[in-house]
1. If we count other beta carbons within 10 Å of each Cβ, what is the order of 93, 17, fewest first?
2. Please report, largest first and rounded to whole Å, the three semi-axes of the ellipsoid equivalent to the range 5-148, where each semi-axis is the square root of five times an eigenvalue of the C-alpha gyration tensor.
3. Given the rule -39500 (n - 2.57) for each run of at least 4 DSSP H residues, summed and divided by the residues of the chain, what is its mean residue ellipticity at 222 nm, to the nearest 500 deg cm²/dmol?
4. Just rank 4, 95, 66, fewest to most, by other beta-carbon atoms within 10 angstrom.
5. With an 8 Å Cα cut-off and a minimum separation of 6 or more residues, compute the relative contact order for the chain in percent.
6. Angle between the Cα long axis of helix 5-15 and the longest principal axis of the chain, 0 to 90 degrees, nearest 10?
7. Would you mind checking the tilt of helix 60-82 against the longest principal axis of the Cα atoms of the chain, expressed as 0 to 90 degrees and rounded to 10?
8. Could you work out how far apart the two model spin labels at residue 19 and residue 103 are, taking each label as a point 7 Å from the Cα in the direction of the beta carbon, and quote it in nm?
Amino acid sequence: MTKTRTEKAQALLKAVMEEHIAFNKLLGLKVESFDAAAPRLRFDMRPELVGNPSRQILHGGVISATLDAAGGFAIMLSIAGESPVTPTSFPNMGTIDLRVDYLRPGRGKHFIATARIVRKGSRIAVVHMELHNDAGELIATGGAAYVVG
C-alpha cells in the first residue's frame with residue numbers, strides 16, 4: 001500500500017515542524033491537526049519554558065514564538081494543498097510583522113496554538129493565531145504578516 005499525496009505531504013510537514021526546525025523542537029511543538037481551516041500545534045508545559053519562577057507561568061517569548069510557528073504552519077499547509085511538496089519545494093518564508101496580545105497568564109498542563117489565514121497573496125500572507133491552555137482558556141492572540149516566495 002502506498003501513501004497518498006496528502007499523507008506524504010502531511011508526513012513531510014510534520015517532520016519539518018517537529019524535527020527540522022530546531023527551535024520548534026526545543027519548544028516541544030507537535031502537530032495536532034492538519035485541518036486547513038484551523039491547523040493546530042501543541043506543546044506541554046515544562047520547567048524550561050517558565051518565564052516567572054514564582055508564578056510558574058509561560059515565558060512571553062515562548063507564547064509569541066509558538067504563535068509565530070502556528071502562523072507559519074498554516075501557510076505551509078496552504079501551500080502544500082495547492083501543489084505537490086518535496087523537501088525543497090517550499091518557498092522561503094519569513095515573518096515581517098508579529099503582534100501578540102497576552103490575555104491571561106500562561107498556566108496549564110499543555111497548550112494548543114491555532115492559526116487562520118486571513119489573506120494569502122502572491123508574496124504576502126496575513127494570519128491570525130490563538131493560544132489556549134488545556135482548560136480551553138484563551139491565553140493569547142496574535143496577528144502576523146509573512147513574506148512568501
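Just so it is clear, none of the values below were taken in a lab; they were calculated from the coordinates. Fair warning: this is a prediction, and the values are worked out from it, not measured in the lab. Cβ placement follows ideal geometry from the backbone for every residue including glycine, while neighbour counts extend to all protein chains displayed.
1. Ascending number of Cβ neighbours within 10 Å: 93, 17.
2. Numbers: eigenvalues 133, 52, 32 Å².
Ellipsoid half-lengths, sorted descending, are 26, 16, 13 Å.
3. On the way: 3 runs with 40 residues, N = 149.
Computed mean residue ellipticity for the chain: -8500 deg cm²/dmol.
4. In order of increasing Cβ crowding within 10 Å: 4, 95, 66.
5. Numbers: 281 pairs, mean separation 34.5, N = 149.
RCO, the chain: 23 percent.
6. On a 0 to 90 degree scale, this one is about 40.
7. 20
8. 3.5
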